[in-house]
1. Would you mind checking the stretch 76-92 for residues with the amide N under 13 Å from a putative spin-label position 7 Å along Cα→C-beta of Lys54?
2. Would you mind estimating how fast the stretch 50-136 diffuses translationally, via Stokes-Einstein at 4 °C and 1.567 mPa s with the Kirkwood radius over Cα pairs, in µm²/s?
3. Quick check on packing: order 155-167, 48-60 by the mean number of other C-beta atoms within 10 Å, highest mean leading.
4. Return the subset of Lys114/Lys152; Lys114/Lys145; Lys90/Lys114; Lys81/Lys152 for which the Cα-Cα distance in this structure is over 18 Å, preserving the input order.
5. Please give the Cα centre distance for the stretch 116-182 versus the stretch 51-70, rounded to the nearest Å.
6. Along the Cα-to-C-beta direction of Ser180, a point sits 7 Å from the Cα; which residues of the stretch 86-115 have their amide N less than 20 Å from that point?
7. With a point put 7 Å past each Cα toward its Cβ, work out how far Lys145 is from Arg46 in nm, to one decimal.
8. Subtract the Cα-Cα distance of Lys152 and Glu206 from 0.36 nm times their separation in residues, and report this length gain in nm to one decimal.
Amino acid sequence: MRSIRQMTQKMLLVIGFGLGLGFVAATASASPTMPQNGVEYTVLDRPQPAEGGKKVEVIEFFGYFCPHCNALEPVIAAWVKKQGDNIVFKRIHVNFHDLVTQQKLYYTLEAMGKTEEFHAKAFAALHIERNRLQSDADIMEFVTKSGLDKQKFMDVYNSFAVQSKVNRSAQMQDAYRIDSVPMFAVDGRYMTDPAMAAKGLGRVTEDAQNVAGIQVLDFLFNKVLKDKNAPAAAAPAASKVTPAAPAAKDAAKKK
């Protein structure tokens, strides 16, 4: 006769096996094209204010120091361009390694209206040309090689406006609980990243992760855009009030 302990252990194994199958089934049913909350993306417990209006706000949290952000850059740039006038796209340069110089570089390019022209060049300077962009001297080497106006650049680089952007980025990083990059926030509510998006695919290449990330972004972007542009529920028709019949005249007068 089996002991109660043996029977209990067997029951726990059966229950655990069943729960495991349920988890595997749920994960298997998810995919980058049909993502599920908690698998390929998450929903923030505390939604953040979004400035998209009828458009969809998408924020990329990134860092020039990050090789994965570097690999993703041409992919995300093409995706943003594809969205046309339906997107409000922002970048927040995080500070994980006390690399304020890299943050100031990005926000200076942004303030000068030079991001589109020099953003990819900044990645190339670090990851191809081996300029670490860790000091003001490194930054000025990049500026000189890139052909930017050095005086204008330094005026903006050392400005209060750029320092305010650096301070604001720290607040945003905390508000969105960013602990890795690249990371995306959609409409202040949804979070995803390439590794998360490819979670159900097993071990795949970085290129495959980036493709999965774009697929999840597509899903979340279209979901939010559809919600924003859904026709407002028709207001209930006002009930027709029948005016009261005028008081009947006295049928007869007293004689």
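The values are calculated or read from the model by the stated rules, or taken from the named source; none is laboratory data. Because the structure is predicted, anything quoted here is derived from the model rather than measured. Positions of Cβ are generated from backbone atoms using ideal geometry, with glycine treated the same way; all protein chains shown enter the neighbour counts. These area figures cover heavy atoms from the full protein model, side chains too; ligands, DNA and RNA do not enter into them. Shrake-Rupley method; radii C 1.70, N 1.55, O 1.52, S 1.80 Å.
1. Answer for this model: 85-87.
2. Numbers: Rh = 13.7 Å.
D, rounded to a whole number, is 94 µm²/s.
3. Numbers: 155-167: 14.5, 48-60: 16.7.
Listed from highest to lowest mean packing, they are 48-60, 155-167.
4. Working: Lys114/Lys152 12 Å; Lys114/Lys145 15 Å; Lys90/Lys114 14 Å; Lys81/Lys152 28 Å.
Going by Cα-Cα distance, Lys81/Lys152 fall outside the 18 Å limit.
5. Cα centroid of the stretch 116-182 versus Cα centroid of the stretch 51-70: 15 Å apart.
6. 92-98, by backbone N distance to the label point.
7. 4.2
8. Numbers: separation 54, 0.36 × 54 = 19.44 nm, distance 3.78 nm.
Length gained between Lys152 and Glu206: 15.7 nm.
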